[in-house]
Every structure is written in structure tokens, then in C-alpha cells.
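Engineer: The structure's right below; bear with me while I get my questions together.
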Amino acid sequence: MLGEAQEPGSYYVGVDVGTGSVRAALVDQRGSLLAFADQPINKWEPQFNHHEQSSEDIWTACCVVTKKVVQGIDLNRIRGLGFDATCSLVVLDKQFRPLPVNCEGDFHRNIIMWLDHRAVSQVHRINETKHSVLQYVGGVMSVEMQAPKLLWLKENLRETCWDKAGHFFDLPDFLSWKATGVTARSLCSLVCKWTYSAERGWDDSFWKMIGLEDFVADNYSKIGNQVLPPGASLGNGLTPEAAKDLGLPAGIAVAASLIDAHAGGLGVIGADVRGHGLACEGQPVTSRLAVICGTSSCHMGISKDPIFVPGVWGPYFSAMVPGFWLNEGGQSVTGKLIDHMVQGHAAFPELQAKATARCQSVYAYLNSHLDLIKKAQPVGFLTVDLHVWPDFHGNRSPLADLTLKGMVTGLKLSQDLDDLAILYLATVQAIAFGTRLIIEAMQAAGHSISTLFLCGGLSKNPLFVQMHADITGMPVVLSQEVESVLVGAAILGACASGDFASVQMKKRKGRNVN
């Protein structure tokens, strides 16, 4: 557990780079948010299943939000900075300049996003090798991991990108490099997305077998040969140049980073739930499942010993909580799917107009509309004749089949607001059933899970939370501090500052949803 901070009144800054925005928070030593800011970031989709971003655009957004959260603050009280981000692939040349990851040669677009599915043939070939490293990713590698993306770049952009590349970063590691000039990678990123082993390091035979022997030849300098645990202090801290950009003091501690879902897991899984009569009270932290639900949903469960779950990523040693093995289930583009279903419906313009007139979000309006039309029955029964299969972007866990597509059954000819509301409900229920399927796979393999701990944007939607409680049959805990991902990032900075001995879970109060 985190101990008492050595210096009272210290602050820490957490920066979270999500799929569509960058967010920052100023956090005190108790884990409370004192200031928050967010800034949208650009995304490009030059062709279907190709998703790209710009590292320069993202860094600029980091600077905007960080300056906002420290306005009016005594900067001398800021002790540490932590980053988390999506597990997207950043490509730079030998002079650390952006390289194009696209056929158009646009070097500003130098990031292949996590949800990019261009490397389908590459991941099939990798999985056909049946190499032993694959047992640590649920048996088959995901197209959303980095090895297939790297192989795609070598096979498709040899001259414009691959041959000129000097550095391939996971986005969280790019941010910590940008802040410190240190190219060390986080154990979290390399273990979870790059096939690195906390115990054995890189496996030369894997990279040679899949046709990326280039990395072995240069001692992995392009993808990371210095690896640090999350929360470790990097170099001499924040460089003067980065300090000016971010509006922070030069030299403050900067932490080795986390993937965004893992920061959320770190920020929420240790919540203090005493006094609520929950099954997990008095049980080990391994009885908890952290569900980080935003653009996608990630299901983070930890164990003292390695547990191999078919179709679920991991086990990863010390990738989120030091000394524990992590299994990570996931559902691709859950938040994006809800948006897709609602915004594509014929009644969406009517919904928008009515929600705007009430000064509500469209989802708050839909939730209240469902309450109006449910009559005497529980709201969940409105979908008795309408069902959604939610794998519109393939199935990440536990089926691990990227070729799966989505499906809706039970459609009628009517397209009014009632139909839209019920389709929205069926989509939310489908996502909750997907979570239940992941939990059942984890429990069958040896996990003992009794309580869900939700965080992320979708956890602010009462219907989403209630359906997860109803469909899994488990109590759901929401953190009193709703921005758990940012708290996780700030915990990294607090650890790096030396004020705390480790990132091991900080207790915070939770609230129960039945």
C-alpha cells in the first residue's frame, strides 16, 4: 500500500491520452482531483480499418491541458508527472522525427492507432507459427498488438518508413521520452503488446520466425532494450524544453508509463469498500475485476500465480500491479459501437433535438425515455424480441476472432424514438453479456471474481452500469473519484517523485451499485 507522503501539500500531475482526447488532472497526495482539463485530438481513417494519429498533435494537446490544470498553483509543490495512453504505435526516424505510416507519405500521421486492423494477414501468419510466446496472449495474438503492425510496415512501406525508422514507441513510452529524453520503455507496454517477458526479456526466435530479425540484429535498440517498471523515475526528470512546453518545473520526476486501461485498473482496483457489505470486503484484491470502459472495454484481473485463460491476454507479470500476474480481457470499440448504433438510426435527429431542448446528453435522454416506455416491467425486458451481437470490430476476448461481425435480430419496420431507445438498450445489454462471457472464461481457468470495479466514460452512464450488474449477477463498485484513469497516471508520478515507496494500490472510498 502507498504510505504517507513525506512532504505535506504535494501535488502530482496525471496525463491520459485516450482515443479521441487528451486529459490532465492535478491530484493531491490523497488521490483527490483538484483540477481537470481535456482537449480533443485528431484522428484519420484514410481507408477502411486504417486508423492514424499524429504524435506532434498529441504532444501539443498534452501541453494545452497540463498548462490548464496548474494555473494559479504554486509550481514548487508539484512533485511528479505520470503518463498513460492508448497502446498505439508511434514511428520516428533516427533523429526522432515523425515518419509516415500511410501510403500517402503524410509524415504528420506517424501513429498506427490501437484499433487499426490493417495487419490482418500478418497476424494470421504470426499465429500460424504457434510460437511459445503466444501462450502469454491467450493463445493467439491480436491484430491490435504491435508485432503484426510492425510486420505490415516492413512489407508495405519499406522505403518511406521501415528503412528510415530509428524508433518504434508504444504511445505511453513516446510521451515519457518526449518529457525526459529517455528512451527506456515501460514494462507494462512491452509485456502486454510486444511479447516481452518480465522474467526472460525478448525472445530472439520469435522475431526471427516472423520475419523481423532486424530487431535482434541491433539488440532491440529500435523497440527497447532498457525496460523499467511503471512508476520508476526516468533520467533527470522533466527536461527544460519539455517543462516550458508543459508549464511545469524543470527537473520534476517523470514516471515510466502505463497503458491507459492499466492506469484505470491501478486507479480503481484498490478502492476502500469497507462498510458496504460487499462480497469482496475482507477478500484478497484478486477477487476484484477492474472494468475500464470507454471507447473499448478492458477487463483487468490479477492473480498471485500465472493463470492461462484461452482467448484472454496474459498472464503478464507486474504489468499493472507489482508482484501480481495480470489477465486482460477486452471488447473492442464498445463505446464507439453504442455511438454507431444510436447515431445511425433514422430517429437520431429527433433524439438530438429533444435532448438539446432539455439540456441533456442524448444518452441521458434515452435513459429517461426507456423509463417512460417500460411500463410495469423492468427496463431490461424491453428487448425480449431484439438482440444484438456486438462484435462489429471482431471479438477480442474470449473468442479471439477478429473476423467476427456484428448482428441485430428482431428488427421491425418502425423507426421511431421508441425503436431507437430499445436498440440502444439491446446494444448495452450485448456489451454486458460480453463482459459476462469474459468473466466466465476467467473463472473457468482459475480466477475467483466476486465484484466488478468500473471506471471510464461509460461508467458514468447509469444504464450501462446497471445492465452490467444485472447480467453478470455481481455487485458493481464505482470509485468516488470518477476519473480513475487520471488518478492511476498521477500515482505513477507520485511514485517516481520518491514521496511514495511503490505504486501498490492506494485506498480510496467506493460506492456500491446493486
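The values are calculated or read from the model by the stated rules, or taken from the named source; none is laboratory data. Remember, predicted model here, so these are calculated numbers, not experimental data. Glycine gets a Cβ as well: all are built from the backbone with ideal geometry, and neighbour counts include every protein chain shown. Note: accessible area is taken over every heavy atom of the protein model, side chains too, but ligands, DNA and RNA are not part of it. Shrake-Rupley method; radii C 1.70, N 1.55, O 1.52, S 1.80 Å.
Engineer: Quick test of your reading of the structure: LEU452 fulfils all but one of (1) open to solvent by less than 20 Å² (accessible area, probe 1.4 Å); (2) at pLDDT below 95. Name the failing condition by number.
Structural biologist: That leaves (2) as the condition not met.
Engineer: Further, regarding this structure: What are the pairs, 6+ residues apart or on separate chains, where a residue within the stretch 302-318 that is open to solvent by 30 Å² or more (accessible area, probe 1.4 Å) has its Cβ under 7 Å from a residue that is in a loop (DSSP other than H, G, I, E, B)?
Structural biologist: Within 7 Å, the pairs are LYS304/PHE324; PRO310/GLY138; PRO310/GLY139; PRO310/PRO398; PHE317/ALA198; PHE317/GLU199.
Engineer: Could you say which residue among ASP418, ASP391 is at pLDDT 95 or above and more than 22 Å from the chain's Cα centre (by Cα)?
Structural biologist: Going through ASP418, ASP391 in turn, just one is at pLDDT 95 or above and more than 22 Å from the chain's Cα centre (by Cα): ASP418.
Engineer: For the stretch 100-151, what are the residues that are open to solvent by 30 Å² or more (accessible area, probe 1.4 Å), within 23 Å of ILE307 (Cα to Cα) and aliphatic (A, V, I, L, M)?
Structural biologist: VAL140
Engineer: Just to be sure before I move on: is GLY3 surrounded by fewer than 19 Cβ atoms within 10 Å (Cβ to Cβ), more than 21 Å from ASP170 (Cβ to Cβ), of a type outside the set (Val, Ile, Thr) and modelled with pLDDT under 95 in the structure I sent?
Structural biologist: Yes: the conditions hold for GLY3.
Engineer: Of these, PHE36, PHE96, PHE48, which one is assigned to a strand (DSSP E or B) and surrounded by fewer than 24 Cβ atoms within 10 Å (Cβ to Cβ)?
Structural biologist: PHE36
Engineer: Right, another one. Being farther than 19 Å from LEU89 by Cβ, more than 23 Å from the chain's Cα centre (by Cα) and of a type in the set (Ser, Thr, Tyr) narrows it down to one residue among SER197, SER205; which is it?
Structural biologist: SER205 is the lone residue from the list that is farther than 19 Å from LEU89 by Cβ, more than 23 Å from the chain's Cα centre (by Cα) and of a type in the set (Ser, Thr, Tyr).
Engineer: Hey, another quick one. In the stretch 379-390, which residues are open to solvent by 80 Å² or more (accessible area, probe 1.4 Å) and farther than 30 Å from LEU402 by Cα?
Structural biologist: Within the stretch 379-390, PHE381 is the sole residue that qualifies.
Engineer: Sort out which residues of the stretch 256-282 are open to solvent by 10 Å² or more (accessible area, probe 1.4 Å) and modelled with pLDDT of 90 or more, and write them in order of number.
Structural biologist: ASP260, the sole residue that qualifies.
Engineer: For the stretch 178-196, which residues satisfy the criterion of being in contact (Cβ under 8 Å) with a residue 60 or more places away in the chain, buried (at least 22 other Cβ atoms within 10 Å of the Cβ) and of a type outside the set (Lys, Arg)?
Structural biologist: ALA179, THR180, SER186, LEU187, CYS188, SER189, VAL191, CYS192, THR195
Engineer: Of all the residues that make up the stretch 203-240, how many are over 30 Å from GLY80 (Cα atoms), in a loop (DSSP other than H, G, I, E, B) and open to solvent by less than 10 Å² (accessible area, probe 1.4 Å)?
Structural biologist: Looking only at that region, the number is 1.
Engineer: Consider the stretch 331-378. How many of its residues are in a helix (DSSP H, G or I) and either touching a strand residue (DSSP E or B) at 6+ places or on another chain (Cβ under 8 Å) or within 24 Å of LYS405 (Cα to Cα) (or both)?
Structural biologist: 11
Engineer: PHE107: over 21 Å from the mean Cα position of the chain (by Cα), of a type in the set (Phe, Trp, Tyr) and in the same structural domain as PHE168 (by the TED database), yes or no?
Structural biologist: Here the answer is yes, as PHE107 does meet what is asked.
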